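Take a look at the structure set out below.
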Amino acid sequence: MNELSMIDIDLMQLDDALLSRLATNKSYVRIEPDNMKAFLFLMPPNADEEPYTIEEIEDFLCGHGIIFGYNLSNIRAMCKKGIFEREIIVANGELPEEGTEGSYELHFAPQRKAPEIKEDGTVDYASVNKLVNVRVGDKIVTYHPAVQGTDGSDILGNPLKAAAVKDLPLLRGTHISRRNTEDTYFAEREGKIQLQDGKIDIQNVHEVYGDVDLTTGKIEFFGDVIINGNVETGVTIRAGRNIEVRGSVEAASLFAGGNIILQRGIQGQQKGRVSARGQVYAKFIEQTIINAGGDVFADSIMNSRINTDGSLNLSGKRGMLIGGYTHALLGIKSTSIGNDVETRTIVHVGCEAEVIEKGISLKKREVQVRSMLDELTEEIEDLKKKAAIYGDKQQQMLEVTAAKIFPQTKALKEELAVLLDDQKEIQALILKGKGASIKVDGNIYRGTVICISQLQMPIEKNTMFMEYVIQGGLIVANLIIR
C-alpha cells in the first residue's frame, strides 16, 4: 500500500474517532419542532484530547440531518473560547421572503366616505364632499408591477416556498390614458376625478341633487357646477366654467370662469357675492355684489352693487332697478329705475371715473420712467465718450458704473412694458364704453342719479320713456317713441 493510501486511512480513522467522542460524551443537538433552529450542547473534551474543530462540529450537525443555515460565528466561538455545557444556537432556517402584489398608486386623494377629525378634535364635515380636480396631462395613477418573493429553507434543507403573487388587470376608466409608458396613467380631460368600484372617472360636470349648506362645504371644480336645490348662507362655490343654481341662493359666494345662472335669484343679505367672467342671469338680485365680464340679465335688482363690463338688461313686466349702485360699461336697459319713495339709485354707463384716473396715473408714471431711462442712457453715453478720450482708467469706471446701471435699466424697461399694456387695456375700455346709453321703457323716479362716463344728472322729478346719452358734452334725455 502506498504512502497516500495510508494517510487517507489515518484521516478516516481520525474523523471516526472525533465523531465518536461527540456522540459518546453526552454532547447533543436539539432541533426545534418547526426545524427552523438547532441548538448544540457541547461537553468539554478530555484533558488528553485535541480541542474541537469547526469541521468536527459541522460533521456532527450534518449527522443529525442539519445541512442549511449554519451559524458559523457561534460555532467558531464555541471552538475558540471553549463554550461548554450550555445550549448555543448553531443553525437557523431562512423564512421565505414574500413578494408584493401588483398595486396602483393614486396621485390624488379619493373622496372621503367619513368626515375628517382634525387635530383639535373638531369634525370637518365638508371634507366628505370635497371635490378632487385634475387638469389635462396630470399624472393620476402609477402601476407598480408584482415582485415575486424568494424561497427559504429549514435547517434540514427542506425548501419553504414563497407564495406566488399576481399582477393586477389594466386600470379601467374614462378619459384616462397610458401614453408613452405602460405603468403611468394621465388625465385626458379637465374635471373632477373619482374612484369607484375600481374604476377611474373624470367628469367635467359636477351635479348636486339637493341643497348645498355648510355641512356640504366649499365646492371647487374645474368644469360646470349644477345645483338642483338651494345654496344656503356661508357657502362658497368656485367653478372653472359655469355655475347653475336651480333653487334660491342666500348670502353665498359664487365664482365662475364662465356664466352664472340663478334660476330663482339671490337674496344676499349684504353678504352675497357673485363673480363671473362671462354673463350673469338671475330671476332677482337683492342686497348682493355682482361682478361680471359679460352682460347681466335679471327681472329685478334691489339695493345691490352691480359692476359689469357688458350691458345690464332688466326685462319683463317688472324689469325694475331700485337702490344701490349699478355700473354697466356698455349700457343699461330697464323697465323702471327707482321707486315712488325716492330710494337713492345710482346708475352708470361708460367708463368710470376711477378707470380714467388710473389711466392718468399710469401716463404720469410712464413719463417718469421714460425720463429716468433717458438719464441713465445719457450717463452711459457720457462715460463712453470719456473712455474713448482718457483710455483704460476711464474704461474701468465705465464698466463699474454700467454694472450698477444695467439692472436699473432692465427693471425700468420691464415696468414700462407693464405700464403700456395697462394703458392699452384702459384705452380699450374707454373706447368700448363710448356711446353707451341708459334706456328706460317705463318710469324713472326722483332720487335716481343718471351717470354717463364722467358726467352725472340727478332726476329732479318723475318721468318716463327716456333714453339718456351724451351729446355735445352733456347728458341729454331723449324721449322714446313707442
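The values are calculated or read from the model by the stated rules, or taken from the named source; none is laboratory data. Since we're looking at a predicted model, the values are computed, not measured. Here the Cβ positions follow ideal geometry from the backbone for every residue, glycine too, while neighbour counts run over all protein chains shown. Remember, those area values only see protein heavy atoms, side chains included, never the ligands or the DNA or RNA. Shrake-Rupley method; radii C 1.70, N 1.55, O 1.52, S 1.80 Å.
Inspect all residues belonging to the range 167-189 and state whether any of them is out of contact with any helix residue (DSSP H, G or I) (no Cβ under 7 Å at 6 or more places or on another chain), under 24 Å from residue 277 (Cβ atoms) and surrounded by fewer than 13 Cβ atoms within 10 Å (Cβ to Cβ). Within the range 167-189 (the criterion being out of contact with any helix residue (DSSP H, G or I) (no Cβ under 7 Å at 6 or more places or on another chain), under 24 Å from residue 277 (Cβ atoms) and surrounded by fewer than 13 Cβ atoms within 10 Å (Cβ to Cβ)), the answer is no, since none of the residues qualifies. Scanning the range 144-186 for residues that are within 29 Å of residue 59 (Cβ to Cβ) and assigned to a loop (DSSP other than H, G, I, E, B) yields a total of 6. Within the range 12-37, the residues that satisfy the criterion of being over 13 Å from residue 78 (Cβ atoms) and either at pLDDT 85 or above or assigned to a loop (DSSP other than H, G, I, E, B) (or both) are 25, 26, 28, 30, 31, 32, 33, 34, 35, 36, 37.
Within the range 341-351, the only residue that satisfies the criterion of being touching a helix residue (DSSP H, G or I) at 6+ places or on another chain (Cβ under 9 Å) and either of a type outside the set (A, V, I, L, M, F, W, C) or open to solvent by 30 Å² or more (accessible area, probe 1.4 Å) (or both) is 350.
Here's the yes/no breakdown for (1) touching a residue at least 40 places away in the same chain (Cβ under 8 Å); (2) out of contact with any strand residue (DSSP E or B) (no Cβ under 6 Å at 6 or more places or on another chain); (3) among the aliphatic types (A, V, I, L, M):
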{"residue": "145", "(1), (2), (3)": "yes, yes, no"}
{"residue": "164", "(1), (2), (3)": "yes, yes, yes"}
{"residue": "169", "(1), (2), (3)": "no, yes, no"}
{"residue": "176", "(1), (2), (3)": "no, no, yes"}
{"residue": "187", "(1), (2), (3)": "yes, no, yes"}
{"residue": "190", "(1), (2), (3)": "yes, yes, no"}
{"residue": "201", "(1), (2), (3)": "no, no, no"}
{"residue": "205", "(1), (2), (3)": "no, no, yes"}
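Candidates are the residues of the range 206-220 that are of a type outside the set (Asp, Glu) and open to solvent by 30 Å² or more (accessible area, probe 1.4 Å); the one that is farthest from residue 234 (Cα to Cα) is 209. Annotation note: of 338, 359, 324, the sole residue that is open to solvent by less than 70 Å² (accessible area, probe 1.4 Å), within 18 Å of residue 291 (Cβ to Cβ) and not hydroxyl-bearing (Ser, Thr, Tyr) is 324. Among the conditions (1) buried (at least 20 other Cβ atoms within 10 Å of the Cβ); (2) at pLDDT 95 or above, residue 255 misses just one, which is (1).
Residue count for the range 259-313, restricted to those that are part of a loop (DSSP other than H, G, I, E, B) and within 17 Å of residue 238 (Cβ to Cβ): 4.
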